[in-house]
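Notes to accompany the following structure.
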Amino acid sequence: MPLLAIETTCDETAAAVISRERKVLSSVVASQETLHARWRGVVPELASRAHVERIVPVIEEAVRRSGAGREGIEAVAVAIRPGLVGSLLVGLSAAKAIAVARGLPLVGYDHVAAHLYACRLAAAERMRYPCVGLVASGGHTSLFFVRGPLELERLGGTIDDAVGEAFDKAASLLGLGYPGGPAIEAAAKGGDPAAHRLPRPLARDQTTLDMSFSGLKTAIRYRVQPPAAASPRVRSQRETADLAASFQEAAVETVLAKVDLAIERTGAGLVAAGGGVTANTRLREGLARLAERRGVELILPPRELCTDNAAMGAIAWERLERGESDSLELEVVAGTDRRRAAARPAPTAQ
Ligand code: KG4
Ligand code: ZN
C-alpha cells in the first residue's frame, strides 16, 4: 500500500501518493506564484494562509488521482524542515490529523534531502551511493557527499544568498517578474552571456567548496541603476536580454566550478542534482558537459521533480523500511526565509 506525502515548506502546497516501489501514483502541486508576484518574493504570512485554504483540497485530489482511496493509504509523510515556520506548521498539522484519525505511522522528512531523492525517483537503480549531491533552490545552495538517501555530509555551499534567491532578485531588478529563475532564463535567450563580466566570487578558489552570490546581486543592481543616475534608465529589450544572459552565466559558472571541485575532491563517480534552479537549461547543459569531461554519471530529475513537489517525499519510505517513524510530538524545524518579499510591492502595470 502507498504512502501519502505532504509538502508545505515555502510557497507550494503539495501532496503525492507513492507506492513502496517508489512509483508516483499521483502528485498535486498548488503554486502560490501569482499570490506573491506583486511582492517579488514570498510573504510568509500570505503563504501560510494560502496553505490553510488549499491543504485539504490538495490532499483529497492527490488521494483521488492515485486511485488508492483513503483506506488504501499506509503511512503519512511530511516535510518538517527547513522552511517558513507558519507554512511548515500547516503541513505538519494536516499530517498529524490524518495519522491520528486513521491510526497511521507518521514520518517527518528533510526537504533538502528529499530534493536529492527526486534523483532516486527519476533514475531508480541507476542512482548509486556514495555520490556528490547538489541542491540548488530558492532557499538552499549546498554540495553534499551523499553516503545514502538519509546520510548527507555537507561539503560546502553558499555563504550568503541561495542561487535561486539571486535569480529572483535579479529578475525583480530587471522588471521580469516572479519567480525569477524561469523569467531570467526566458529573457536570456536572445542575450549575449559575455556582454557583461559580472563577479563570480570564490568560483576560482580551489581551497573551498563554498560559494557566494550576494556580490553578483549587487553588481546587477548597479548595472540596472548606476548610483550616479538620477532617474531609472530606460533599457532596450536587447540590453535586458544581455544583462539576464550575463547574470545567468555568472550564476551557473559559479555552481559548475564547485561541482567540478567536489567531484575532484571526493572521487565520486556520480553526481545527483535537485532543487528549483536545476530546472535551468544552461545549468543542466553545463552539468552534462562537466559530467562527460570528468567521466562521471549525472542524474538530473525531470523539471517537475526539480521544483518543490511532494513526490520527493518518497524519501520517507527509506525510514519506514528501517522500521522508523515519528511520534505525534513531532515538531517543525524552521529554517531560512531568504526568499521573503521585497519591502515594497512591484509597481503595477499602467
Ligand atoms: O526548489 P524550489 O521550488 O523551492 C525551494 O526549495 O526554494 O526552488 C525555487 C527556486 C526559485 O528561486 C526559482 O526562481 C528557481 O528555483 N528556479 C529557477 C528555474 N526554475 C525555478 N532558477 C533558474 N532557472 C529556472 N528555470
Ligand atoms: Zn525546495
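Things worth noting here:
- Cross-link partners for residue 169 among the lysines, with Cα-Cα distance under 27 Å and sequence neighbours closer than 8 places in the same chain left out: 189, 217, 258.
- Tensor-based shape of the chain (alpha-carbon gyration tensor, a/c under 1.5 rounded, otherwise prolate or oblate): oblate
- Relative to its Kirkwood radius, the Cα radius of gyration of region 132-256 gives an Rg/Rh of 1.03.
- Candidates 44, 226, 57, ranked by Gaussian network fluctuation over the chain, Cα under 10 Å, top entry: 226
- A simple spin-label model places the labels of residue 285 and residue 85 4.4 nm from each other, with each point 7 Å out along Cα-to-Cβ.
- For region 71-93 and region 196-215, distance of Cα centres in Å: 35 Å
- Nearest-0.05 FRET efficiency for residue 331 and residue 159, computed from C-beta distance (R0 41 Å): 0.90
- A straight chain from residue 70 to residue 23 at 0.36 nm per residue would run longer than the Cα-Cα distance by 15.2 nm.
- Note: relative contact order over region 138-233, using C-alpha pairs below 8 Å and six or more positions apart, is 26 percent.
- Beta bridges from DSSP with both residues in the chain: antiparallel share about 60 percent, rounded to the nearest 5.
- Listed by chain and number, the aspartates and glutamates placed with their C-alpha closer than 12 angstrom to that of residue 96 are 326, 329, 331; residues fewer than eight positions away on the same chain are left out.
- For region 111-133, the residues whose amide N sits under 15 Å from a probe point set 7 Å from the Cα of residue 297 along the beta carbon direction are 119-133.
- Cross-link reach is defined here as a Cα-Cα straight distance under 16 Å, omitting same-chain residues fewer than 8 places apart; for residue 23 the aspartates and glutamates meeting it are 74, 125, 304, 318, 321.
- Relative contact order (%) - criterion: Cα under 8 Å, at least six apart; region: region 126-305: 27 percent
Just so you know, all these numbers are worked out from the coordinates, no wet-lab data involved. Note that the coordinates shown come from a computational prediction; the quantities given were computed from them, not determined experimentally. Here Cβ is always computed from backbone atoms with ideal geometry, including for glycine, and neighbour counts include all displayed protein chains.
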